[in-house]
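Here the structure comes first, spelled out in structure tokens, and everything after it is commentary.
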Amino acid sequence: DVCSSDLGVSYRAYNNIVYAATPADRNYQKLSIYIPEPYFNSRPLNGYTATTAPIFVPNNSSGYMAASVMTPSATNPVGLALSRGLIVVSPALRGRNINSGSAPSAIVDYKAAIRYIRANKSRLPAGNTDKIIASGVSSGGALSAILGASGNSDAYDEWLEGIGAGDAEDKIFAAASYCPVTNL
């Protein structure tokens, strides 16, 4: 879908993509990809091009509850990132408030979403998979920090294999962790 909004930039949305081959919960193990429209016309945006634009992967987990896909608006990080020329991949993640959401499901889902991006990089119309940036606030900040600190660790392999995560790296370029909950 081509979307126009109050962001100052039109974008294309690819919604509800399941990122695991054998998901434990299809309602949460999905993501949406948002790409600024100028990249489809070989035009730069804020100094980025379709091949150089970083990929911003925010999560809106709160209290380690399940997180939904975030949609762009002028008042959230997804809209701000798009308006600045970043590609946005917004994953939903399982959390402690759903049956399949006990630990470590949220971080496993976050890693699976990153692996999906990398496993499908040749199919993405835009985005630099070497410049993936995770972000979140509170428990979302903690998840972003864990994602950044555990890139390519084999500690989660059992759970990643259990949901059929892609065979790709899950390391990221940077984590923007705001007010991370680190002491429970």
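Please work out which residue is most open to solvent (accessible area, probe 1.4 Å), limiting yourself to the range 69-88 and to residues that are within 17 Å of GLU37 (Cβ to Cβ), part of a helix (DSSP H, G or I) and not polar (S, T, N, Q).
Residue satisfying both the conditions and the ranking: LEU80.
Please state which of the following conditions LYS111 fails to meet, knowing it meets all the rest: (1) touching a residue at least 40 places away in the same chain (Cβ under 8 Å); (2) on the phi < 0 side of the Ramachandran plot; (3) part of a loop (DSSP other than H, G, I, E, B).
(3)
Which count do you get for residues in the range 140-184 that are β-branched (Val, Ile, Thr), modelled with pLDDT of 95 or more and open to solvent by 50 Å² or more (accessible area, probe 1.4 Å)?
Of the residues in that region, 1 qualify.
State the number of residues belonging to the range 140-182 that are in a loop (DSSP other than H, G, I, E, B) and of a type in the set (Ser, Thr, Tyr).
Qualifying residue count for the region: 3.
Residue under question is SER102, and the condition is that it be open to solvent by 30 Å² or more (accessible area, probe 1.4 Å) and in a loop (DSSP other than H, G, I, E, B); does it hold?
yes
Could you list, in sequence order, all residues of the range 33-64 that are within 27 Å of LEU93 (Cα to Cα), more than 12 Å from the chain's Cα centre (by Cα) and among the aromatic types (Phe, Trp, Tyr)?
TYR64
Take the range 104-146 and flag every residue that is closer than 22 Å to GLY85 by Cα and among the small types (Gly, Ala, Ser).
ALA113, SER122, ALA126, GLY127, ALA134, SER135, GLY136, SER144
Filter the range 81-109 down to residues that are farther than 23 Å from TYR14 by Cα, touching a strand residue (DSSP E or B) at 6+ places or on another chain (Cβ under 8 Å) and among the polar types (S, T, N, Q), then give me how many there are.
The qualifying residues number 1.
Could you tell me how many of the residues in the range 69-84 are in contact with a Ser or Thr (Cβ under 9 Å, 6 or more places away or on another chain), small (Gly, Ala, Ser) and in contact (Cβ under 8 Å) with a residue 40 or more places away in the chain?
The qualifying residues number 3.
Under 7 Å between Cβ atoms, which residue pairs at least 6 apart in sequence (or on different chains) link something in the range 167-181 that is closer than 17 Å to ALA113 by Cα with a partner that is open to solvent by less than 50 Å² (accessible area, probe 1.4 Å) and charged (D, E, K, R)?
ALA168/ARG115; ALA168/ARG118; GLU169/ARG118; ASP170/LYS111; ASP170/ARG115
Under the condition of being touching a strand residue (DSSP E or B) at 6+ places or on another chain (Cβ under 7 Å) and in a helix (DSSP H, G or I), which residue from the range 117-139 is surrounded by the fewest Cβ atoms within 10 Å (Cβ to Cβ)?
Once the filter is applied, the top-ranked residue is ARG118.
The values are calculated or read from the model by the stated rules, or taken from the named source; none is laboratory data. The shown structure was predicted, so the numbers you read here are calculated from the model rather than taken from an experiment. Reconstructed Cβ throughout: ideal geometry from the backbone, glycine too, with neighbour counts over all protein chains shown. Side chains are part of the model used for accessible areas, which takes the heavy atoms of the whole protein and leaves out ligands, DNA and RNA. Shrake-Rupley method; radii C 1.70, N 1.55, O 1.52, S 1.80 Å.
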